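Single-structure report; data block below.
Every read-out reported here was derived from the displayed coordinates using simple, explicitly stated rules and does not represent laboratory data. Because the structure is predicted, anything quoted here is derived from the model rather than measured. Glycine also receives a Cβ, built like all others from the backbone with ideal geometry; neighbour counts cover every protein chain displayed.
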Amino acid sequence: MNLPDPNALIDALAAQLAPTLSPDCALIGIHTGGVWLRDAVVARLPLMSPMPVLGELDVSFYRDDYAQSGLHAEVQPSVIPFEIEGRHVVLFDDVLYTGRTVRAALNLLFDYGRPASIRLAVLVDRGGRELPIGADFVGLKLDLPATEHIDLLRDATGALRFVHGPWE
């Protein structure tokens, strides 16, 4: 499968988001790919004064498969250094598949307070939803069989690329 350059998709996503953002919103990435995506989109946004606040969520303990998979070595702290209550939030994730990661992020986010609204931005919507969750902003829609995966990776220089293949 020929996948597009993630940077072109990030450009398109930033163009979709820019007219909808205000300085009082929060841009929150889900570790790790969602944080990478959020940072790349923010770098492409026109300057606002003040800029939207940035946060990060690690949903490891909120996953409904935590009991089966246990704690992963990559667990990061969630960082929400601002008030969530009443704030408009854009939640970022790299690949939307079953919806379970987003569900976990919503549960965690509400532990911080009740936002006025939450919109979802994803780089790739690969189909295969198990929960009624959809993205408001999408870089690319793909229909992949359940036997295949697509991942966003970042190298040591910060360059993003896709990896696609069968589940192992």
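Averaging the sequence gap over all C-alpha pairs within less than 8 Å and six or more residues apart, then dividing by the number of residues, gives the chain a relative contact order of 23 percent.
Assign one of three labels to the range 97-162, namely rounded, prolate or oblate, based on the Cα gyration tensor with a ≥ b ≥ c the square roots of its eigenvalues; rounded applies when a/c is under 1.5, prolate when it is not and a/b is larger than b/c, and oblate otherwise. Taking the square roots of the gyration eigenvalues as a ≥ b ≥ c, the range 97-162 is oblate. For the chain, the antiparallel share of DSSP beta bridges with both residues in that region comes to about 30%.
What translational diffusion coefficient, in µm²/s and rounded to a whole number, does the Stokes-Einstein relation yield for the chain at 10 °C and a viscosity of 1.306 mPa s, taking the hydrodynamic radius as the Kirkwood radius over Cα pairs?
97 µm²/s
Cβ-to-Cβ counts within 10 Å put 22, 78, 49, 117 in ascending order as 49, 22, 117, 78, the fewest first.
Calculate the tail of P(r) for the range 15-114: the fraction of all Cα-Cα distances greater than 23 Å, expressed in %.
The answer is 25 percent, as a whole percent.
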